[in-house]
Amino acid sequence: MRRRWRACWRAYAAAPRTRSGAPCRAPAVAGKARCRKHGGAAGSGGQSGNKNAWKDGFYSGPEKAERRRIMDFVRACNRVLEEIDQIDGDR
Ligand SMILES: [Zn+2]
């Protein structure tokens, strides 16, 4: 099956707009998040592995994985607390 292209406007929270104000619906360039008109053109962007915008790695893979791990634990705790609340509610 042919992989469906992703519309340019799905790349980020703030979608690029056309002159009429509608979100850009052009297909993203293969291997890029945006269409050719909004920063996906061949040769645009930094070299792979560029760290120009790196600040503290908050959005890096390992940091996100750690936050996910912590949030999974917090959710599990909340589930247990909810169960305890329900048991208490029966009395
Ligand atoms: Zn676009």
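Key figures for this structure:
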read-out	value
Relative contact order for the stretch 8-61, counting Cα pairs under 8 Å that sit 6 or more residues apart, in percent	23 percent
By average C-beta atoms within 10 angstrom, highest first, the peptides 58-70, 14-26	14-26, 58-70
Backbone N within the stretch 22-60 under 19 Å of label point (7 Å from Glu66 Cα along the Cβ vector)	54-60
Eligible aspartates and glutamates near Lys51 by straight Cα distance, threshold 17 Å, same-chain separation 8 or greater	Glu63
Hull shadow area, averaged, the chain [alpha-carbon convex hull, nm²]	11.5 nm²
MRE, 222 nm, helices only [DSSP H, n ≥ 4, -39500 (n - 2.57), over the chain, to nearest 500]	-12000 deg cm²/dmol
Ranked by how many other beta carbons lie within 10 Å on average, peptides 48-54, 33-39 from highest	33-39, 48-54
With Cα atoms, 0 to 90° folded angle of helix 61-90 axis to the chain main axis	30 degrees
For the chain: relative contact order, % (alpha-carbon pairs under 8 angstrom, 6 or more apart)	16 percent
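Coordinate-derived values only; no laboratory data. These numbers come from a predicted model, not from an experiment. So basically every Cβ, Gly included, is an ideal-geometry build from the backbone, and we count neighbours across all protein chains shown.
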